Amino acid sequence: MAQLYDRVALIGLGLIASSMFYAMRRAGLAGEVVGYARSADTRAIAREIGLCDRVVESAAEAVKDADLVVLCVPVGAMESVAREIGPALKAGATVSDVGSVKAAVIAAVAPYLPAGVHFVPAHPLAGTEHSGPRSGFAELFDNRYTIIVPVAESDTAAVKRLEELWQGMGALTEVMDAEHHDRVLAVTSHTPHLIAYTMVGVADDLRRVTDSEVIKFSAAGFRDFTRIAASDPTMWRDVFLNNKEATLEILGRFTEELFALQRAIRRGDGDHLHAYFTRTRAIRRGIIEAGQDTDAPNFGRAPGRKE
Ligand code: NAP
């Protein structure tokens, strides 16, 4: 694949930025990649492991002469980074981000971008429970969707090029508006994470009563909850603070359904439970048919593998 940008700046050097670096390099999509992270520790690790062609000491320095700047910091840090880089951006550059929430990030970043800079927000729907500069790998985005979320002023050519970048990194792409994105993600990602956090918290309380049984017998569904609930606390705090309305709406519906299931159990209404579980099973089948998960037993994990 041909090079799409001469110089790319990655601000924040965690899971997503490091995976982007390796995926861009795999396909030769960027000339030079310059990186910056907040802490000296992370910058030192990045230099040590060869993450980015150059690691610099400030965000403003990183974006100098960059054709594409990607903000890969937690949602709550987007505004301060945008404020810092605004005056240093090259005319004609594209600024993007990978934040898990879109409307709040657009509101936080757009005011700091000068005229003549193209803003094209995006969100890769790919991740793991690991974070930091050592956690990235080139295949993270392969066959996963990246949602491109243009703003009203986004330049068509800049949108198309960013879409090509994500496709070059292995992703499938789809264009969506910010409000729709935030509603869809509240259902597919944000609320499920909150439920996993809750379930693991409840089990932790139980463990005090039943000693180590929760850990010992966690092979079934609970283990997947613990994996999700191990996700980065800063990132997820920011997601809920910034996708408040959509998450609260979905949580409201969730609570109603939970009460209906609770009532069915109390009343011994097996028909209700069976009909409900039949409907949800069909949803799982749809995900597999769309190629977004595996049908192999135990999610394709090797027997005995802990994760
Ligand atoms: P991560 O591994 O925790 O890395 C975050 C990076 O941002 C770190 O390098 C951190 O620097 C840096 N950072 C934090 N605050 C900063 C600031 N004020 N200025 C400059 N750098 C700062 O996070 P991630 O998983 O890559 O997530 C990054 C973004 O991608 C988030 O917005 C998240 O919502 C989104 N996202 C995450 C996933 C996922 O599953 N993880 C999936 C899709 C999208 P230090 O190391 O120096 O603290």
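The values are calculated or read from the model by the stated rules, or taken from the named source; none is laboratory data. Everything quoted here is computed from the prediction, not taken from an experiment. Methodologically, a virtual Cβ is constructed for each residue, glycine included, from the backbone with ideal geometry; neighbour enumeration extends over all protein chains shown. The area values use the complete protein model at the heavy-atom level, side chains included, leaving out ligands, DNA and RNA. Shrake-Rupley method; radii C 1.70, N 1.55, O 1.52, S 1.80 Å.
Per-structure values
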{"read-out": "Unique residue being of a type in the set (Asp, Glu), closer than 28 Å to Ala186 by Cβ, in a loop (DSSP other than H, G, I, E, B) and modelled with pLDDT of 95 or more when the list is Glu139, Glu129", "value": "Glu139"}
{"read-out": "Filter pass, Ser154 being hydroxyl-bearing (Ser, Thr, Tyr), under 15 Å from Phe21 (Cα atoms) and open to solvent by less than 50 Å² (accessible area, probe 1.4 Å)", "value": "no"}
{"read-out": "Flag for Leu162 being farther than 25 Å from Ala30 by Cβ, open to solvent by less than 20 Å² (accessible area, probe 1.4 Å), in a helix (DSSP H, G or I) and in contact with a strand residue (DSSP E or B) (Cβ under 9 Å, 6 or more places away or on another chain)", "value": "no"}
{"read-out": "Only listed residue being in the same structural domain as Gly201 (by TED's automatic domain parsing), in contact (Cβ under 8 Å) with a residue 60 or more places away in the chain and open to solvent by less than 50 Å² (accessible area, probe 1.4 Å), chosen from Ala260, Ala230, Ala246", "value": "Ala246"}
{"read-out": "Qualifying positions in region 74-103 - within 11 Å of the ligand (Cβ to nearest atom) and open to solvent by 10 Å² or more (accessible area, probe 1.4 Å)", "value": "Pro74, Val75, Gly76, Ala77, Glu79, Ser80, Val81, Arg83, Glu84, Val98, Ser100"}
{"read-out": "Residue match in region 112-126 (condition: open to solvent by less than 30 Å² (accessible area, probe 1.4 Å), within 13 Å of the ligand (Cβ to nearest atom) and assigned to a helix (DSSP H, G or I))", "value": "no"}
{"read-out": "Single match in Arg237, Arg183 (criterion: modelled with pLDDT of 95 or more, surrounded by 15 or more Cβ atoms within 10 Å (Cβ to Cβ), part of a helix (DSSP H, G or I) and under 16 Å from the mean Cα position of the chain (by Cα))", "value": "Arg183"}
{"read-out": "Filtered residues of region 137-151 (kept if open to solvent by 20 Å² or more (accessible area, probe 1.4 Å) and more than 16 Å from Leu68 (Cα to Cα))", "value": "Phe137, Glu139, Asp142, Asn143, Arg144, Tyr145, Val151"}
{"read-out": "Some residue of region 47-70 being within 30 Å of Ala246 (Cα to Cα), buried (at least 19 other Cβ atoms within 10 Å of the Cβ) and either among the small types (Gly, Ala, Ser) or under 15 Å from the mean Cα position of the chain (by Cα) (or both)", "value": "yes"}
{"read-out": "Number of positions in region 262-290 that are in a helix (DSSP H, G or I) and over 28 Å from the mean Cα position of the chain (by Cα)", "value": "15"}
{"read-out": "Residues located in region 77-106, provided they are assigned to a helix (DSSP H, G or I) and either closer than 19 Å to Trp236 by Cα or in contact with a His (Cβ under 7 Å, 6 or more places away or on another chain) (or both)", "value": "Ala77, Met78, Glu79, Ser80, Val81, Ala103, Ala104, Val105, Ile106"}
{"read-out": "Answer residue from region 14-41, given it is within 16 Å of Ala60 (Cβ to Cβ) and open to solvent by less than 10 Å² (accessible area, probe 1.4 Å) and is nearest to the ligand (Cβ to nearest atom) among those", "value": "Ala37"}
{"read-out": "Some residue of region 199-208 being open to solvent by less than 40 Å² (accessible area, probe 1.4 Å) and either modelled with pLDDT of 95 or more or farther than 26 Å from Arg253 by Cα (or both)", "value": "no"}
